[in-house]
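S.K.: What follows is a structure written as structure tokens; I'll ask about it next.
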Amino acid sequence: MNINHLLIFLLLSLVSLSSSAQIVFDNDSFKDNSVDRKGFDYSIKAYLTNNATNPDDTLFKWKVVSLSQPSNWELQVCTDGECIADPPLERTHPFILPVGEKEEFKIGWALFEIAGDGLVTVVVSSTNHPENADTVTLEIATLSNIKKINNFNIKVNPNPINDHMFVDFSNDSYKTIVMYDILGNKVFSKQVFSGESINTSEINKGVYIIKIEGLSDFSKVIHKN
């Protein structure tokens, strides 16, 4: 192979690589050492862009490749309209991202007011061109001097819930119960008395946050089976 043929070969190789899926996160590293553990969760949002020149490069997959956290924390990864709780290491999750568009990744933990440190790394790669990948890392630490606050005695049972749940207050008054999904969308709101049965049969399976109107210090993470 003469030098001209070699140059042509290298040029064609570069063109081939440039046509592969090029994906990139807008921010690939997040760190926060002052997380308030009494918040019901902590999360960040990273946006993945598909910069491919080949219109067929739209198939991707993500996976958690490393994870360090307290045993009582629950990792949450939300993307493509789906939230995965405690995704197993190295298990891939496919999704489609058209050329030129962005996909939001929401990554974080339900803390359950437990102090500790967390470190997670998520890798996204092209299904057809696995060498084209990008990584996002989240590292957090809770403040050691924040004490658990529980000024109002409220119990939510059972947990996980099925078709009904009960909320008990420290008195017989009524409160407005508000339920949010882990993306922050309100899915339920009702004024109830202590111990009253609340119908949750129409709520989809997943992880939710219960809050009480007027009590900013109270939140409860629950699971719906």
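S.K.: How many residues are in contact with a Leu (Cβ under 8 Å, 6 or more places away or on another chain) and more than 22 Å from Gln22 (Cβ to Cβ) if we restrict to region 61-114?
M.R.: Of the residues in region 61-114, 16 are in contact with a Leu (Cβ under 8 Å, 6 or more places away or on another chain) and more than 22 Å from Gln22 (Cβ to Cβ).
S.K.: Could you tell me which of the residues Phe105, Phe112 is outside any loop (DSSP other than H, G, I, E, B) and not aliphatic (A, V, I, L, M)? Before the answer, list the steps.
M.R.: Working: Phe112 fails: outside any loop (DSSP other than H, G, I, E, B).
Answer to the check: Phe105.
S.K.: Another question about this same structure. I'd like the full set of residues that are among the small types (Gly, Ala, Ser) and at pLDDT 85 or above, limited to region 129-180.
M.R.: Ala133, Ala141
S.K.: Here's something else I'd like to know. Phe30: modelled with pLDDT of 95 or more and surrounded by fewer than 19 Cβ atoms within 10 Å (Cβ to Cβ), yes or no?
M.R.: Details: modelled with pLDDT of 95 or more: yes; surrounded by fewer than 19 Cβ atoms within 10 Å (Cβ to Cβ): yes.
Criteria met by Phe30.
S.K.: Restricting attention to region 45-96, report how many residues are within 13 Å of Trp109 (Cβ to Cβ), assigned to a strand (DSSP E or B) and either modelled with pLDDT of 95 or more or over 13 Å from the mean Cα position of the chain (by Cα) (or both).
M.R.: Selection size over region 45-96: 3.
S.K.: Counting only residues that are under 14 Å from Asp57 (Cα atoms) and either of a type in the set (Phe, Trp, Tyr) or surrounded by fewer than 20 Cβ atoms within 10 Å (Cβ to Cβ) (or both), how many does region 91-124 have?
M.R.: The first filter runs over region 91-124 and keeps only residues under 14 Å from Asp57 (Cα atoms), leaving 94-102, 124.
Those still in the list that are either of a type in the set (Phe, Trp, Tyr) or surrounded by fewer than 20 Cβ atoms within 10 Å (Cβ to Cβ) (or both) too: 94-96, 98-102.
Qualifying residue count for the region: 8.
S.K.: Please specify each residue of region 180-206 satisfying the condition of being at positive phi and in a loop (DSSP other than H, G, I, E, B).
M.R.: Gly184, Gly195
S.K.: Of the residues that sit in region 199-214 and are of a type in the set (S, T, N, Q) and surrounded by fewer than 11 Cβ atoms within 10 Å (Cβ to Cβ), which one is farthest from the chain's Cα centre (by Cα)?
M.R.: Initial filter on region 199-214 (of a type in the set (S, T, N, Q)): 199-201, 204.
Narrowing the set further to residues that are surrounded by fewer than 11 Cβ atoms within 10 Å (Cβ to Cβ) leaves 201, 204.
Details: Ser201: 24, Asn204: 17 Å.
The selected residue is Ser201.
S.K.: Of all residues in region 172-185, how many are under 17 Å from the mean Cα position of the chain (by Cα) and not polar (S, T, N, Q)?
M.R.: 5
S.K.: Now a separate question. Run Val99 past the list (1) part of a strand (DSSP E or B); (2) more than 9 Å from the chain's Cα centre (by Cα) and report the number of the one that doesn't hold.
M.R.: Exception for Val99: condition (1).
The values are calculated or read from the model by the stated rules, or taken from the named source; none is laboratory data. Just so we're clear, the structure is a prediction, and the values are computed from it rather than from any experiment. Neighbour counts are summed over all protein chains in view; Cβ atoms, including those assigned to glycine, are modelled from backbone coordinates with ideal geometry.
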